[in-house]
Amino acid sequence: MPIEPPPTPWVFPPIDSADDYGLVGVGADLEPGTVLAAYRRGLFPMPIRKRGPIGWWSPDPRAILDLDALHVSRSLRQATHRYEIRIDTSFDAVIRACGDPSRPKGWIENRIIDAYTRLFDLGWVHSLEAFDERGRLAGGLYGVAIGGFFAGESMFHHARDASKVALVALVDLLRESGGRLLDVQWLTPHLASLGARELDRSAYLKRLENALVAPLPLQWR
């Protein structure tokens, strides 16, 4: 079971005070209790600009991927046989690959890596890794899991379809274990092609409330 950290001393502004970009507040800290409190309120942290202050975001609309709506093409289904999926065996490599500074629009800096590593050590963050036939890490993803809620934070690939295969494995895992909400934050053409869709903020918050209280018997490790 994950370990509950000390509560945050910070109070977040009301979510309905978000600006047109979904920014609710700026500042606070990235302590485990603060980050978890944010997710439980429907927020997530992301720097406003590279090495800038931490912003707390609640986009409206919010992108989700319904667990029964993942689009798996024939080629992607075939790709699932080319990779071995592991869970929580290479978290550091996954988050650092996601934070590769050469990636376009990269935002995962050392302070983000440190914050999510602490949450990983407490059992709130997980990674799914796709290894190729030579045992090399080819792609993966990581995110925050609370009850039946999973917030996908980032994914990467070094080989074709490797990150998508990790996503297929995540959806299968959540579906089998009673997951209720897979949050993917903002909708991109890539995520839309996989079946993601948008919800308005009020609908998202209702789904979130329902998901947070769901027991998730899955043993991640």
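The values are calculated or read from the model by the stated rules, or taken from the named source; none is laboratory data. Remember, it's a predicted structure, so these values are computed and weren't measured experimentally. Glycine also receives a Cβ, built like all others from the backbone with ideal geometry; neighbour counts cover every protein chain displayed.
Values as computed for the structure displayed
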read-out	value
Selection within the range 124-151 - farther than 21 Å from Met46 by Cα and surrounded by 15 or more Cβ atoms within 10 Å (Cβ to Cβ)	Leu128, Glu129, Ala130, Phe131, Asp132, Leu137, Ala138, Gly139, Gly147, Gly148
Some residue of the range 6-23 being touching a helix residue (DSSP H, G or I) at 6+ places or on another chain (Cβ under 6 Å) and crowded, with 19+ Cβ neighbours inside 10 Å	no
Selected residue (only one of Ile108, Ile112 is under 14 Å from the mean Cα position of the chain (by Cα), in a loop (DSSP other than H, G, I, E, B) and in contact (Cβ under 8 Å) with a residue 40 or more places away in the chain)	Ile108
Count of the range 1-58 residues which are farther than 17 Å from Arg111 by Cα and β-branched (Val, Ile, Thr)	5
Residue pairs meeting the criteria (Cβ under 7 Å; at least 6 apart or on separate chains; first more than 15 Å from Ala79 (Cβ to Cβ), in the range 126-138; second of a type in the set (Phe, Trp, Tyr) and assigned to a strand (DSSP E or B))	His126/Tyr142; Ser127/Tyr142; Leu137/Phe131
Residues satisfying the stated conditions in the range 88-106, i.e. out of contact with any helix residue (DSSP H, G or I) (no Cβ under 8 Å at 6 or more places or on another chain) and either surrounded by 14 or more Cβ atoms within 10 Å (Cβ to Cβ) or modelled with pLDDT of 95 or more (or both)	Thr89, Ser90, Ala93, Val94, Ala97, Cys98
